[in-house]
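Asks: After the structure tokens below, expect a handful of questions from me.
The values are calculated or read from the model by the stated rules, or taken from the named source; none is laboratory data. Just so it is clear, the structure is predicted and the values come from calculations on it, not from any experiment. Every residue, glycine among them, receives a Cβ derived from its backbone with ideal geometry; neighbour counts consider all protein chains shown. Accessible surface is based on the protein model in full, side chains and every heavy atom, while ligands, DNA and RNA are left aside. Shrake-Rupley method; radii C 1.70, N 1.55, O 1.52, S 1.80 Å.
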Amino acid sequence: MLRTGRGRIAMTVMIAAALGFGVGTPAAALAAEAPVVIPAPALDNPKAPGPVQTAVLAGGCFWGVHGVYQHVRGVQRVLSGYSGGTKATAEYEAVSRGTTGHAESVEIRFDPKELSYGEILQIYFSVVHDPTQLNRQGPDMGPQYRTNIFHVDEPQKRIAQAYIAQLEKAKAFARAIVTRVDPLSAFYPAEAYHQDFLLKNPRYPYIVIHDLPKIGNLKKVFPGHYLERPVTTETREEKPR
């Protein structure tokens, strides 16, 4: 089990070395998940001016999930953190043991005039992660890496559940979707060094192999949603016009 960022990086270095890749070598094909082209959700909230909204998602290591949504048009801020457990255990080393109930999660603040909740979920299922992997993503294993949607209200719950049912009926994936849909009890921001990790460490082997290809898939599959200049945790949140 890869319990820490150091463990993730060490494992990736060993994999890359074994297969003949150097640290600076483009290795997108080594372990990247291929995108899955899926239909838009049949049930979604209409885009309209209004207060900034929040979505909370878990889909493996939060570095890559965070990195993808920083490049989505309409997103105003993304934070890495923990959801599903208590405040007392919302700490990286504790969460990494897989016994706290937490999942590595991201909080996405978005403008509902530019981006719908359903579009966020379409990107999530298509390019962010593999929703058919139970308690793991790629090389990372444990319930802290589970696929989990944390809804903040009933409309989000209905949209998420309906979309999963729609994708299952369409047989969009070769295996069953195992994504959990749970109410959000709390979101606890992760330690400062995890915020904007992909942007600050673009040459880390784990990032190069597992996460940067997701950004490329976003640009390829969702060009209309792709934002070239990413938002950061320091980006000032604007009120929707």
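Asks: Compare LYS200, LYS157 by solvent-accessible area with a 1.4 Å probe and give them largest first, with all protein chains kept in place.
Replies: Correct descending sequence by accessible area is LYS200, LYS157.
Asks: Rounded to the nearest 0.05, what FRET efficiency do ARG229 and LYS200 have when you use their Cβ-Cβ distance and R0 = 22 Å?
Replies: 0.90
Asks: Output wanted: per-residue J couplings in Hz (rounded whole) for region 153-169, from phi through Karplus 6.51 cos²θ - 1.76 cosθ + 1.60, θ = phi - 60°, x for Gly and Pro.
Replies: Computed from phi, the couplings for region 153-169 are 7, 5, x, 4, 4, 5, 5, 5, 5, 5, 5, 4, 4, 4, 5, 5, 4 Hz.
Asks: What is the extension gain from GLU168 to ARG97, computed as 0.36 nm multiplied by their sequence separation minus the C-alpha to C-alpha distance, in nm to one decimal? Don't skip to the end; give the middle numbers.
Replies: On the way: separation 71, 0.36 × 71 = 25.56 nm, distance 3.16 nm.
Net length gain for the segment: 22.4 nm.
Asks: Amide H of ARG180 versus every other amide H placed in the peptide plane: which residues, excluding those fewer than 5 positions away on the same chain, fall under 5 Å?
Replies: Hits under the 5 Å cutoff: THR147, ASN148, ILE149.
Asks: Mind ranking 77-90, 59-72, 167-180 by how tightly packed they are, going by the mean number of other C-beta atoms within 10 angstrom, highest first?
Replies: In decreasing order of mean packing, 77-90, 59-72, 167-180 become 59-72, 77-90, 167-180.
Asks: By a straight-distance test (C-alpha under 18 Å), which lysines pair with LYS214 as possible cross-link partners, with residues fewer than eight away in the same chain excluded?
Replies: Within the straight-line limit of under 18 Å, LYS214 reaches these lysines: LYS200.
Asks: OK, next. Can you spot the aspartates and glutamates whose alpha carbon is less than 17 Å from LYS87's alpha carbon? Ignore those fewer than 8 places along the same chain.
Replies: Here the aspartates and glutamates satisfying the reach criterion relative to LYS87 are GLU104, GLU107, GLU191.
Asks: Setting aside same-chain residues fewer than 8 positions from LYS219, which lysines have a Cα under 17 Å from its Cα?
Replies: Within the straight-line cut-off, LYS219 pairs with nothing.
Asks: Right, next: If I compute solvent accessible area with a 1.4 Å probe over the protein chains, what percent of it on region 86-161 is carbon and sulfur?
Replies: 51 percent
Asks: Here's something else I'd like to know. Just add up the charged neighbours of GLY101: K/R +1, D/E -1, any other residue whose Cβ is under 14 Å from the Cβ of GLY101.
Replies: Residues close to GLY101 contribute a combined charge of +1.
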